[in-house]
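Remarks on the structure that follows.
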Amino acid sequence: MKFWQSSHVFQHPWSTVTQAFWRKYPNDYQSSVYGTDVIERYVDADGKLHSKRLIISDWNIPSFMKFFFGETRGYAVEYSIVDPVEQTLTLRSQNINAVSMFSMREEICYKSVGETTQLNHQAEFLFSVSRIVDEAAENWLVGTITEAARKGLMAMESISVKVEEEMRPALTAIDDIISTETIRSARKSIDSSITDAEKFIDSSINDAEKFIDSSITDAEKFIDSSIEYIDSSVDSLTQESSVKFT
């Protein structure tokens, strides 16, 4: 039995990489993959997307193994789960033909890490043809999966760039809408502030005018009252001293 693993960091957000994953086949780098067929797909109660797909590919079996396999076309079943909350895409796959001679299991996880996406890929495979070819076959498969993974990364990177290019006009339009709405909102806020300030100034002027009018009225009343008091005092003094003032 052989074990294999690798990791990679995509300089793209998880949403972009997951879109690229679903659009991965066919691509210009992995012509050996003929295609995929969705067998089952559903969303569970937690909002996770579950998919079951059939992957059909050419194994490119070396000549010393063709005697044992005969059929060079490989079939594998892939189970995947997309968790939009945790932002993970996990999948596992296994071959479903030639299982009496070898088995190959793969586990892959795409996980969001900030504005990047972490890929972890591991596989295990076991040949049980004969002691003569098992070791050579497993070594061949290590080289095959290493090369396939390298081409897969190139394909994912290419498709991720394409996804971002396709999304750019929509994102630009959204930014324009947000900018327009922000300007409108700012204008409304400024207009509202100006209106409130004008109302405050008008109210302050009215209050000041009322205060001034009231103060003038009180002053006039005070002056009139003082004049009456003075006149009354003069009359009283005149009567007492029998002096007539003109």
Pairwise FRET efficiency - residue 48 versus residue 97, Cβ, R0 = 35 Å, nearest 0.05: 0.75
Full-stretch length increase - residue 109, residue 168 - with 0.36 nm per residue and alpha-carbon distance subtracted: 18.6 nm
Proximal lysines relative to residue 111, as straight alpha-carbon distance under 18 Å, when same-chain residues fewer than 8 apart are discounted: 24, 48
Efficiency of FRET from Cβ geometry, residue 67 and residue 158, R₀ 51 Å, rounded to 0.05: 0.85
Nearest-0.05 FRET efficiency for residue 189 and residue 147, computed from C-beta distance (R0 51 Å): 0.25
Probe 1.4 Å, protein heavy atoms only - accessible area per residue of the range 1-127 in square angstrom: 56 Å²
Vicinal HN-Hα couplings computed from phi for the range 112-124 (Karplus, 6.51 cos²θ - 1.76 cosθ + 1.60; Hz; Gly/Pro x): 6, 9, x, 8, 10, 10, 8, 10, 10, 10, 9, 8, 9
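The values are calculated or read from the model by the stated rules, or taken from the named source; none is laboratory data. If you're wondering where the values come from, they're calculated on a predicted model, not measured in any experiment. As a convention, Cβ positions derive from the backbone with ideal geometry for all residues, glycine included, and neighbour counts pool all protein chains shown. What goes into the accessible areas is simple: the full protein's heavy atoms, side chains included, and nothing from ligands, DNA or RNA. Shrake-Rupley method; radii C 1.70, N 1.55, O 1.52, S 1.80 Å.
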